[in-house]
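Undergrad: Take a look at this one; I'll ask things after.
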Amino acid sequence: MRELSLHILDIVQNSIAADADLIKLIIREDIAKNLLIIVIEDNGKGIESEDISRVVDPFVTSRKTREVGLGLSLFREASRRSKGDMKIESEPGKGTRITAYFEYNNIDRVPLGDIVGTIVALITTNPEIDFIYRHVYEGREFVFSTEEIKAELGDVSINEYPVLNWIEKNLNEELRDLYGGDL
Amino acid sequence: MKSLEELRELRSKVQKDLEMRSNSERPKIIIGMGTCGIAAGARKILKAVMKEIDKRGLDVIVTQTGCIGMCEKEPLLDVKMPGKDRVTYGNLTPADVKMIIVEHVINGNVVEDLAIARFDEGGN
Ligand code: FES
């Protein structure tokens, strides 16, 4: 994957396949510590502890685990290439949390890319799922929540085009403000 | 979140549009969002789909599906018109998306050059 935001789109697919209806994404950019952290957390059905090591193994033959494993092993590979690592925590019945660390200025660190595109794509095709996206940059942060938007919309679906366009515009503005002054 | 007032205005506008919408079954576009689909450009294809639908004011449901085991043909997109077979298109570019929407979704003709599979879903 050429962008971390594509890895994120892919990892969230695992949460969707695990029947999650609330998915949290946290992106933390800490330049002082030369660290980029991505956390994807869901309330899906989780992974049994004895299966955790197997899901990141791209050579596991069981078709069911391989579907989940391929994306996770690619994400782990991307983090390790930039002197980081990826960790999976999961509790069956409660959910799963994936945390990936990257050395921020590592030349092999894949760029974050079109994160707004990823969020909008997820909302478009999964209007019934709630997403919380928190982005921290140098101590500043913003939080985006589909629950908040749905409360405002009432009976209007979140994936109507005018609403999606508004979300896209709003997220772009939030990101610009977040990075503002530093870029 | 900023400008929630803007959202309130949008809401009443969308509600008016919804009232005018017919109750008949809507066409469906399904994007393959498995790992290799995403790596092959599924997000770009989805973006192109949204742009065309929005530009032409079409009433279409856009949804996603996971891995269907056709890696070498990614990115993939299916069109399901009401009462017709579900058609899978593969090896897509954003330009193909425009053609599929005009030819298949609007005019009702399958784009044979791009179609790679057809499923009878009993008219659903
Ligand atoms: S995601 Fe394309 S074949 Fe699996």
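Undergrad: Taking segment A:29-53, which residues are part of a loop (DSSP other than H, G, I, E, B) and closer than 27 Å to A:Tyr104 by Cβ?
TA: A:Ile31, A:Ala32, A:Lys33, A:Asn34
Undergrad: Against the condition over 23 Å from A:Gly113 (Cα atoms) and either more than 16 Å from the ligand (Cβ to nearest atom) or part of a loop (DSSP other than H, G, I, E, B) (or both), how does B:Ile116 come out, does it pass?
TA: Criteria not met by B:Ile116.
Undergrad: What are the residue pairs meeting all of these: first residue in segment B:6-35, first residue closer than 13 Å to A:Ser157 by Cα, second residue of a type in the set (Asp, Glu), Cβ atoms under 6 Å, and 6 or more apart or on different chains?
TA: B:Leu7/A:Glu152; B:Val14/A:Glu160
Undergrad: Within the group A:Gly139, A:Gly113, which residue is among the small types (Gly, Ala, Ser), under 16 Å from A:Ser5 (Cβ atoms) and under 20 Å from the mean Cα position of the chain (by Cα)?
TA: Matching residue, one of A:Gly139, A:Gly113: A:Gly113.
Undergrad: Looking at B:Glu52, B:Glu74, which is the one that is touching a Gly at 6+ places or on another chain (Cβ under 7 Å) and either within 16 Å of the ligand (Cβ to nearest atom) or within 12 Å of chain A (Cβ to nearest Cβ) (or both)?
TA: The conditions single out B:Glu74.
Undergrad: Could you tell me which numbered condition B:Val60 fails, if it satisfies all but one of (1) within 14 Å of chain A (Cβ to nearest Cβ); (2) within 16 Å of the ligand (Cβ to nearest atom)?
TA: (2)
Undergrad: For segment A:95-183, give me every one of the helices (runs of 4 or more DSSP H) that falls completely inside it and has 1 or more residues that are open to solvent by 50 Å² or more (accessible area, probe 1.4 Å) and more than 30 Å from B:Val62 (Cα to Cα).
TA: In segment A:95-183, A:161-179 are the helices (runs of 4 or more DSSP H) which contain 1 or more residues that are open to solvent by 50 Å² or more (accessible area, probe 1.4 Å) and more than 30 Å from B:Val62 (Cα to Cα).
Undergrad: I've got another one for you. Please go through segment B:73-108 and pick out each residue that is closer than 15 Å to B:Met50 by Cα, in a helix (DSSP H, G or I) and open to solvent by 10 Å² or more (accessible area, probe 1.4 Å).
TA: B:Pro94, B:Ala95, B:Asp96, B:Lys98, B:Met99, B:Val102, B:Val105, B:Ile106
Undergrad: Let me ask another. Looking at the structure I just gave you, is A:Ala151 more than 8 Å from chain B (Cβ to nearest Cβ) and out of contact with any strand residue (DSSP E or B) (no Cβ under 6 Å at 6 or more places or on another chain)?
TA: Yes.
Undergrad: Counting only residues that are surrounded by 19 or more Cβ atoms within 10 Å (Cβ to Cβ) and either out of contact with any helix residue (DSSP H, G or I) (no Cβ under 6 Å at 6 or more places or on another chain) or modelled with pLDDT under 95 (or both), how many does segment B:63-72 have?
TA: Count: 1.
Undergrad: Tell me yes or no: at least one residue of segment B:29-37 is open to solvent by less than 20 Å² (accessible area, probe 1.4 Å), more than 16 Å from the ligand (Cβ to nearest atom) and part of a helix (DSSP H, G or I).
TA: Among the residues of segment B:29-37, not one is open to solvent by less than 20 Å² (accessible area, probe 1.4 Å), more than 16 Å from the ligand (Cβ to nearest atom) and part of a helix (DSSP H, G or I), which makes the answer no.
Undergrad: Filtering segment B:1-18 down to residues that are more than 7 Å from chain A (Cβ to nearest Cβ) and open to solvent by 70 Å² or more (accessible area, probe 1.4 Å), which residue is nearest to the chain's Cα centre (by Cα)?
TA: B:Asp17
Undergrad: Additional query: Which residues, counting only those in segment A:1-33, are among the acidic types (Asp, Glu), under 16 Å from A:Ile119 (Cα atoms) and open to solvent by 10 Å² or more (accessible area, probe 1.4 Å)?
TA: A:Glu3, A:Asp21 - these are the residues of segment A:1-33 that are among the acidic types (Asp, Glu), under 16 Å from A:Ile119 (Cα atoms) and open to solvent by 10 Å² or more (accessible area, probe 1.4 Å).
Undergrad: In addition: One residue is enough: does segment B:38-49 have a residue meeting the conditions more than 9 Å from chain A (Cβ to nearest Cβ), within 15 Å of the ligand (Cβ to nearest atom) and part of a helix (DSSP H, G or I)?
TA: There is at least one residue in segment B:38-49 that is more than 9 Å from chain A (Cβ to nearest Cβ), within 15 Å of the ligand (Cβ to nearest atom) and part of a helix (DSSP H, G or I).
Undergrad: Just give me the residues in segment B:19-36 being facing chain A (nearest Cβ under 7 Å) and farther than 16 Å from B:Asp78 by Cβ, in sequence order.
TA: Selection gives B:Thr35 alone.
Undergrad: Quick one: B:Ile45 ticks every box in (1) β-branched (Val, Ile, Thr); (2) at pLDDT 95 or above; (3) open to solvent by 40 Å² or more (accessible area, probe 1.4 Å) bar one, so which box is it?
TA: (3)
The values are calculated or read from the model by the stated rules, or taken from the named source; none is laboratory data. Because the structure is a prediction, the values reported are computed rather than measured. All Cβ positions, even for glycine, are placed from backbone atoms using ideal geometry, and neighbour counts span all protein chains on display. The accessibility values were calculated without ligands, DNA or RNA, using every heavy atom of the protein model including side chains. Shrake-Rupley method; radii C 1.70, N 1.55, O 1.52, S 1.80 Å.
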